[in-house]
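In what follows, a single structure is set out as structure tokens and then discussed.
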Amino acid sequence: MGKTILTVDDSASIRQMVSFTLKEAGYEVVEAVDGKDGVAKATAGKVDMVITDLNMPNMDGLELIRNLRANASTKFVPIVMLTTESQDSKKQEGKAAGATGWIVKPFKPDQLLGVVKKVLG
Amino acid sequence: MRSPRPECRTTLSNMTISETLTTLSRWEEALGGLESRIQSTLQGSEQEFLEAGSRLQGFLVKGREISDLCSSAVDLTGEDMMGHIAGELQQELDRMAGHLASSSRNTAGSISSMAEMYVAITELNETRRGFKKVISTLRVLAISTRIESARLGSNEFGFNTLADDVEKLARQIEAKYGSIIAKAHDLTGFVEDVLAKTQALSLLQRKTASDVIAETRAGISEIIRINAKSAEVSEEVSLRLGQIVSRIHEVVTSLQFHDITRQQLEHVAEAFADARNKIGEASGNGNGDPSAVREVSGWVGDVSELESSQVLNSKNELFDAVGQLQDNLRDISGTVLSVLRSIQSILRSTDKEEGNLLMVVEQQIAGVVRLLRDSQEREKEMAASMASVSDTVGDMERFVNDIEEIGAEIELIALNARIKAAHTGSHGEALGVLAEAIQKLSGEARGETEMVQGALVSISDGARALKDLSSDDQKAQVSVVEETAENMDSLVRRLNDLDREFMAGIEQMGERVAELEAEIREVTEGMQHHLVVGETVNFIQNGLGTIVSESRDIVPVHEIENREERLAELMSRYTMQSERNIHQTALGEASEVIKESDGSDDELGSNVELF
């Protein structure tokens, strides 16, 4: 059985493209519409990796990372930001919160898969 | 009650404060309208992109299905399948050509043997004169003996009996030789008939060997060539299908631009909302501080100018993305159409050529097999006929033996005549001459008999050689030919089965490709959201253009207070580097464009960074 990746984004079309790319490569994908939904889904079942947007309603990506890092079951799950945000200061915030990597939108499927392979080994 | 504010024309250009406040109120309303336009443009706009995204999965599934069909087709035509069978067929044809050559050699051998037999029979006929001479001489001698006996009168010493014996021998030789000649006549007719049939068979064998085998070989080579061509086209198709997957990946990138454009337009709408708030705050319900009114008038002009550039950039990026998406989809569609054309070319060529070729090859092989079977049947018939020739020759040999015995009797009669002539003394001298003549005749008869025997030996040898055609070796060859024929039939059947399977796969592939092309065209033509965004952006730019123009009239750019701080604050709200770049470019600060951090992962691209 393939590894499970959680994609968190308030944009359905981004979730769809992430999901499409990962499923094509044989991964299981779970979708969440914002940070709050992401935390709930990440802690409810086994998730091997999280790919999250930064700016989202209810709970943003940074808060999501902090929540997951505070949870024993998700503390070491790799979390990659997938966002339009490209400012270094934001990246540093993400890194400080516990992000594993940063991808600026739009992504190319090969890039996303390359990151996933590197991160999941 | 508050007293009216004094007019302040010096600080607000040519407008009074109340005129400016009225203008600000109009801007506030206009910006609200633009904000609403953005919201309504974004409302439900994602559906179109989601629909296109969901169709991508179907495109890939169909693409893979076509690719699988293509691989199967390539496998069928490959070295392991049709190519291999065609190769085996070629080998079997070589074996068949070998059998045919061997059969031709046998036929040629038969013709040669029969020709020799014919010559021998002709030679047999040529002994007719010699025998006639022997017979007529015997008869003359019998008459002469009878005359001489009459001359001798009572002292004849039984010469009449001698004359009777000679007469009798003449009749016997005539009868036996007549039988030999009659048999030889029958044999001539028989050999002529068999020779004609065999020569006709030989002609057919030569024609088959030179034409049919060559045509069949060419047909099989053509099948191999068509298969190789089909495999080549199928491999090209497979390659192009791989390009489709790569194009679909690019479409994935383009489809993310809905989210990017949405965010950009939302940022613009936020800027409008912020500007409206600031207008409200500065206006102070019609009692705004002139300097604050002046500052916000200038600021709204800046915001409008910048956001006009931002929306234009959003529009351009979206149009580029949708353009690329449509280009990629059209490219996929074009690839799919070229795949369809390639498939149709396979169908046309294989349908017209290979189907016919297979049929022709099948017929030609059947013709060769039939000829080989006929040849062997003919050889068997000939061998059986030769048995009767041998019997005939046996009969003839018996007649020859009889003639030999007659010759021996002539010898005895001649000896007896000489003895009687000696007893007769001088009266019997003439008889002695006759006895001598009879003896000489027996030698001639022996010579003629030996000639007949020689001819019969030749005929017999020829018959034996022809009879040997149905020897064990020949029987073994029959079974080998049958085996080769069965192998060839089986190979052609397999080739036909594979051809049908190949054609069915290609047809199925054609159907899938046509469906895929129609679906892609539907999605490509269905992309309309960018046009709506384009109209919205044009509308926004028109509205903002008026505000910018009026703003610059109220406050020239160089007189706007706190401009740098406000612009810096506005810039800090952007999330995208492209927005920051547009912001700086619009302000003439292109040279100061902020460079992205270079912590990117080179291997994965400049937009990727792993911590």
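State the Cα centre-to-centre distance between the stretch B:90-135 and the stretch A:43-121 in whole Å. Centre-to-centre distance over Cα atoms comes out at 97 Å. Between the listed residues B:SER490, B:SER345, B:VAL119, the Cα displaced farthest toward the positive end of the dipole of chain B, a dipole computed from Cβ unit charges relative to the Cα centre, is found at B:VAL119.
Need one value for A:70-82: mean number of C-beta atoms belonging to other chains within 10 Å of its residues' C-beta atoms.
1
Please state, as a whole number in µm²/s, the translational diffusion coefficient that the Stokes-Einstein equation yields for the stretch B:450-589 at 25 °C and 0.890 mPa s, with Rh defined as the Kirkwood radius across alpha carbon pairs. Result for D is 93 µm²/s.
The lysines within cross-link reach of B:LYS380, meaning a Cα-to-Cα straight distance under 22 Å and a gap of 8 or more places when in the same chain, are B:LYS197, B:LYS207, B:LYS467, B:LYS475. Any idea how far the Cα center of the stretch B:503-536 sits from the one of the stretch B:240-256, in Å? Between the Cα centre of the stretch B:503-536 and that of the stretch B:240-256, the gap is 14 Å. Of all lysines in the structure, not one has an alpha carbon short of 24 Å from that of B:LYS278, not counting any fewer than 8 places away in one chain. Take each residue of peptide B:38-50, count the partner chain Cβ atoms within 10 Å of its Cβ, and average: the result is 2. Over the protein assembly as shown, all Cα pairs binned in 20 Å intervals from 0 give whole-percent P(r) values of 13, 22, 17, 12, 10, 9, 8, 5, 2, 1, 0, listed from short to long.
Summary value for the stretch A:27-95: 33 percent relative contact order, contacts being C-alpha pairs under 8 angstrom separated by 6+ residues. Report D for chain B in µm² per second (integer): Stokes-Einstein, Kirkwood Rh on Cα pairs, 37 °C, 0.692 mPa s. After rounding, the answer is 91 µm²/s.
Ranked by the mean number of other Cβ atoms within 10 Å of their residues, highest first, the peptides B:479-488, B:264-273 fall in the order B:264-273, B:479-488.
Can you bin the stretch B:99-198 into rounded, prolate or oblate? Criterion: square roots of the alpha carbon gyration tensor eigenvalues sorted a ≥ b ≥ c, rounded for a/c under 1.5, prolate for a/b above b/c, oblate for the rest. Since a/c reaches 1.5 and a/b is larger than b/c, the shape of the stretch B:99-198 is classed as prolate.
For the residues B:ILE213, B:ILE66, what sequence is obtained by ranking on other C-beta atoms within 10 Å, fewest first? Spell out each step's value before the answer.
Values: B:ILE213 20, B:ILE66 27.
Fewest-to-most ranking of B:ILE213, B:ILE66: B:ILE213, B:ILE66.
The aspartates and glutamates whose alpha-carbon is closer than 17 Å to the alpha-carbon of B:LYS420, local same-chain residues fewer than 8 away aside, are B:GLU148, B:GLU156, B:ASP164, B:ASP165, B:GLU409, B:GLU411, B:GLU429, B:GLU436.
Between 0 and 90 degrees, the angle of helix B:290-349 with respect to the longest Cα principal axis of chain B falls at about 10 degrees.
When the helices of chain B are scored as -39500 (n - 2.57) per DSSP H run of n ≥ 4 and the total is divided over every residue, the value at 222 nm lands at -31000 deg cm²/dmol. Given axes a ≥ b ≥ c from the Cα gyration tensor, I'd like to know whether chain A is rounded (a/c under 1.5), prolate (a/b larger than b/c) or oblate. Rounded is the answer for chain A, as its axis ratio a/c remains below 1.5.
Averaging the sequence gap over all C-alpha pairs within less than 8 Å and six or more residues apart, then dividing by the number of residues, gives chain A a relative contact order of 23 percent. Listed from fewest to most Cβ neighbours within 10 Å, the set B:GLU116, B:GLU522 follows the order B:GLU522, B:GLU116.
Only helices enter this figure: runs of n ≥ 4 DSSP H residues, each worth -39500 (n - 2.57), summed and divided by the residues of chain A, yield -14000 deg cm²/dmol at 222 nm to the nearest 500.
A straight line joining the Cα centroids of the stretch A:1-24 and the stretch B:191-224 runs 71 Å.
Would you mind calculating the relative contact order of chain B from Cα pairs under 8 angstrom and at least 6 residues apart, reporting the percent as a whole number? Walk me through the intermediate numbers first.
Numbers: 633 pairs, mean separation 180.1, N = 611.
Reported relative contact order: 29 percent.
Taking the charge dipole of the protein assembly as shown about its Cα centre, with +1 at Lys and Arg Cβ atoms and -1 at Asp and Glu Cβ atoms, the residue from B:ILE38, B:ALA275, B:ALA421 reaching farthest to the positive side is B:ALA421.
Across the cross-link table entries A:LYS3/A:LYS90; A:LYS23/B:LYS315; B:LYS133/B:LYS183; A:LYS23/A:LYS46; B:LYS176/B:LYS440, which are compared at the Cα atoms, the separations over 23 Å belong to A:LYS3/A:LYS90; A:LYS23/B:LYS315.
Distances between every pair of Cα atoms in the stretch B:24-133, grouped in 5 Å steps from 0 to the bin holding the largest one, split as 3, 8, 6, 6, 5, 6, 5, 5, 5, 5, 4, 4, 4, 4, 4, 3, 3, 3, 3, 3, 2, 2, 2, 2, 1, 1, 1, 1, 1, 0, 0 percent.
No lab work stands behind these numbers, since they all come straight from the coordinates. Owing to the predicted nature of the structure, the values given are computational and were not obtained by experimental measurement. Reconstructed Cβ throughout: ideal geometry from the backbone, glycine too, with neighbour counts over all protein chains shown.
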